[in-house]
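Data first, discussion second: the structure below is written as structure tokens.
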Amino acid sequence: MARFSSLSLQQKITGMMMLTSIIVLVLTCTVLMLNDISNLRKSLRTDLITVSQILGPNIAAALTLNDTATAVQTLSFLSSQPHILAATIYSPDGRAFAHYLRDDIPDGTVPINATGESVPLWDDHFDIMEPIVIDGQKYGAMYIRSDLMVMKARLIWYGVVLLSILMGSLILVYAIASKLQRLVTDPILRLSKAATEVAKNNNYALQVAGEGSDEIGRLIGTFNKMMNEIQIRDSELAQQHVILEENIAERTHALKTANQQLAISKERAETAAKRMTWQAYHDALTDLPNRTMLNDRLDIELAHASREKKQLAILFLDLDRFKIINDSLGHSFGDQLLRVVAQRLQNCIRDDDTVARLGGDEFMILLPNISVAEDAGRVAKKIIESVSQTVVFEDQELNVTTSVGIAIYPEDGSASDVLIKNADTSMYRAKDKGRNAYAFYTADMDQAAINRLNLEQHMRKAIEKNEFTLVYQPKVSTKTHQMVGVEALLRWETAELGVIPPSEFIPIAEESGLIIPLGEWVLKTACRNASRWHRDGIGSVRVAVNVSARQLDQDYIGSLIEETLDESGLQPGLLELEITESLAMNDVESTAATLRHLNAIGIHTSIDDFGTGYSSLNYLTRFKLDNLKIDLSFIRNIPHNPDDSAMASAIISLAHKLGMNVIAEGVETLAQLEFLTENDCDEVQGELFSEPLSAAKLEALLNSSSDQMIEIITDAIPEQAKQ
Ligand code: C2E
Ligand code: MG
Ligand code: MG
């Protein structure tokens, strides 16, 4: 079956047709042949019966007469019938009476006592047994056997004819099949070829020839229609494909971009996360650890120190007067300074120490490995020296200092917050010591720190509550003993805290910035009073106002002073500014310009407390000041202290060489007065002449005549000094 299906259609059609024609022919010929053979047998039987009937009367006589010879002779007649092989005559009792055999048949081949029954079809002979009956009387029977040579000849003829017809018909069938096959397979082959071409080259424009109304034609038509349809679909598909490709390219591009953006976002997110983690534990400005990290490390180190029975130190520090620098020179300058300080602090410590910025100008250092408390003192000293090195920014030189408070574990506390608080407290002690110093914590410090904070809170409300007043201390000429001016000095008295001396509240005011509004109030009050005294004829006395460096660093100080003069109507010549030297000047150039301007409009200028704090000889030449006030610390011990005396006389002659007036403050004794007079000091101020007076008392003094005034002043001088 598999072999049949693998045959070509042509072979199948040809084979089927030939097989069909063979079967039809063979069947037809076989039927014809069998019919003919049957007819032949019938005719042979008739012939043999006829022969027996012809011979019957003669043989009946011979039988009656029992004449075998006659009977044999009669039978010899059969030799004229070559197809008869043998014959036998049987008497009525069934005995073989006479016998005939064709010459070429050997004896015994044909049975003598044949039954006469019909032999099968496939035997090569044919027998009959006919009774010999004459006039209705049976005389015996006759058996005749014939060969089938005639039939054999007929069969050969049939075979030849059949073969010839078969050959002829096969040739004819083959020719028809070939023709028929071409009709069917040619279009199929064309379709197949076209389909192969389409499959190979996707050429859907291909059309197969041979459309018609028959089945094949309709098949080709349908195929061509299908091709057209496919071509349309294909071009639509191609268009769709192009659109799809474009879409895919677009999407791929979008996807790539999205991926890139995702990668960037991811990277950013990771960086941001890292940054956030970093920021959580670091200070953004200086990159130092922040309070959180320091607290973490402190807790760990405290646990460690507790286990190991060791000491550790906390150093709390801030920059002295950083607020002034920051407010006057700007925040970016302040930031730069903080970075430099941070770097310097790091250079002062070891790897296992931690320096953290807590915010603003506050830093904290953890020293986890100290053997004795003095180790922390040594580090503090190193820090103080390092920070105080001159900083140069954009050609501007700046000196900052730091004050360091130290607390030691376990003696100053065992909890981290207690240690930090105590280090903070001791820092204020260091500031009280004059700044640029360090201090170890002692138990009595707590109260001082609380008081300081308390004071700052009170001061904030003191201006509105009118708790401040001004007192005026006369300045007296050493030549004339006349009052040449007064210095306005601030006083503060609160209902709760009582009188607070300027030495306590002025540094806090400077530190906190409260000195700005406070200084403004002093300036306005002093100018208003001096103007009134002048206007009302009480006295034209020059009033000196203390101005801290913090105030001078404000850009608007010049315009504020001019405004105040305008408002109060005070002549510029009746105002003097005492510039306190306790603070370092930040912007020396702009201060110099402001002072030059004020000088030019007639305002007097003095340098106060000369010889202490940040006094710099350089300022004297740059600021072109009118007066120089020698600090009372030099006056206190003259004339018995030769060093102070030498300093005082040197300062007086230096000032004179620079064209400045010299004032000595805090003059309490005649000896001091004498020394100063001998050394050519121009003016003196101090309790020897007058303590600072309230405005009312000063007015009373001014109202007295100048002689009276000299008297009052001279009265203050002890009798022995007058002689
Ligand atoms: P200063 O400007 O040097 O003022 C002189 C100080 O010496 C005043 O102290 C005054 O009371 C004190 N004094 C006067 N005569 C004597 C004396 O014979 N012996 C002694 N031992 N002291 C005498 P006070 O009023 O306590 O002021 C202290 C400092 O506070 C002032 O020193 C000044 O620097 C500052 N200050 C006072 N008022 C103001 C102000 O309105 N503004 C500013 N910025 N600072 C002020
Ligand atoms: Mg003063
Ligand atoms: Mg002074």
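The values are calculated or read from the model by the stated rules, or taken from the named source; none is laboratory data. As the structure is a prediction and not an experimental result, all values here were calculated from the model. Glycine gets a Cβ as well: all are built from the backbone with ideal geometry, and neighbour counts include every protein chain shown. Ligands, DNA and RNA are stripped out before the accessible areas are found, and what is left, the full protein with its side chains, is counted by its heavy atoms. Shrake-Rupley method; radii C 1.70, N 1.55, O 1.52, S 1.80 Å.
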| task | Check off (1) part of a helix (DSSP H, G or I); (2) of a type in the set (D, E, K, R); (3) at pLDDT below 85; (4) farther than 16 Å from MET16 by Cα for GLU211 and give me the number that stays unchecked. | result | (1)
| query | How many residues does the range 596-612 hold that are among the aliphatic types (A, V, I, L, M) and either more than 16 Å from ligand 2 (Cβ to nearest atom) or outside the structural domain of SER633 (by TED's automatic domain parsing) (or both)? | reply | 3
| Answer residue from the range 519-539, given it is farther than 20 Å from GLU467 by Cα and outside any loop (DSSP other than H, G, I, E, B) and is most open to solvent (accessible area, probe 1.4 Å) among those | ARG535
| task | Identify the single condition in (1) buried (at least 22 other Cβ atoms within 10 Å of the Cβ); (2) away from ligand 2 (no atom under 16 Å from the Cβ); (3) β-branched (Val, Ile, Thr) that ILE516 does not satisfy, given that it satisfies every other one. | result | (1)
| note | Checking VAL541, VAL476, VAL547, VAL484 in turn, the sole residue that is among the β-branched types (Val, Ile, Thr), within 16 Å of ligand 3 (Cβ to nearest atom) and under 16 Å from LEU693 (Cβ atoms) turns out to be VAL476
| query | In the range 508-526, how many are touching a Ser or Thr at 6+ places or on another chain (Cβ under 7 Å) and either of a type in the set (A, V, I, L, M) or within 16 Å of ligand 3 (Cβ to nearest atom) (or both)? | reply | 4
| said: If I filter the range 625-643 for residues that are within 16 Å of ligand 3 (Cβ to nearest atom), aliphatic (A, V, I, L, M), open to solvent by 40 Å² or more (accessible area, probe 1.4 Å) and assigned by TED's automatic domain parsing to the domain that holds ILE579, do I get at least one hit? | reply: yes
| field | Count - residues of the range 595-653 that are at pLDDT 90 or above and on the phi > 0 side of the Ramachandran plot | value | 1
| request: May I ask you to list pairs of residues, at least six apart or on different chains, whose Cβ atoms are under 6 Å apart, with the first in the range 389-405 being under 15 Å from ALA437 (Cβ atoms) and the second being assigned to a strand (DSSP E or B)? | output: VAL400/LEU319; THR402/LEU317; THR402/LEU319; VAL404/LEU315; VAL404/LEU317; VAL404/TYR438; GLY405/PHE316; GLY405/ALA439
| task | Please enumerate the residues belonging to the range 37-67 that are closer than 19 Å to ILE134 by Cα, of a type in the set (Val, Ile, Thr) and in contact with a helix residue (DSSP H, G or I) (Cβ under 9 Å, 6 or more places away or on another chain). | result | VAL51, ILE54, ILE59
| request: Return the residue satisfying two criteria in turn: it lies in the range 540-561 and is more than 16 Å from ligand 1 (Cβ to nearest atom) and surrounded by 15 or more Cβ atoms within 10 Å (Cβ to Cβ), and of such residues it is farthest from PRO507 (Cα to Cα). | output: VAL541
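Every residue, every condition in (1) acidic (Asp, Glu); (2) at positive phi; (3) open to solvent by less than 30 Å² (accessible area, probe 1.4 Å), yes or no:
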| site | (1), (2), (3) |
| --- | --- |
| HIS304 | no, no, no |
| ILE324 | no, no, yes |
| GLY330 | no, yes, yes |
| LEU367 | no, no, yes |
| message | For the range 261-348, give me every one of the helices (runs of 4 or more DSSP H) that falls completely inside it and has 2 or more residues that are at pLDDT below 85. | response | 322-329
| query | Quick check, is MET151 under 30 Å from ASP124 (Cβ atoms), exposed (fewer than 12 other Cβ atoms within 10 Å of the Cβ) and not polar (S, T, N, Q)? | reply | no
| message | Looking only at the range 465-486, how many residues end up being within 14 Å of ligand 2 (Cβ to nearest atom) and open to solvent by 10 Å² or more (accessible area, probe 1.4 Å)? | response | 3
| Out of all the residues in the range 449-456, is one or more under 23 Å from PRO692 (Cβ atoms), in contact (Cβ under 8 Å) with a residue 12 or more places away in the chain, open to solvent by 20 Å² or more (accessible area, probe 1.4 Å) and more than 16 Å from ligand 3 (Cβ to nearest atom)? | no
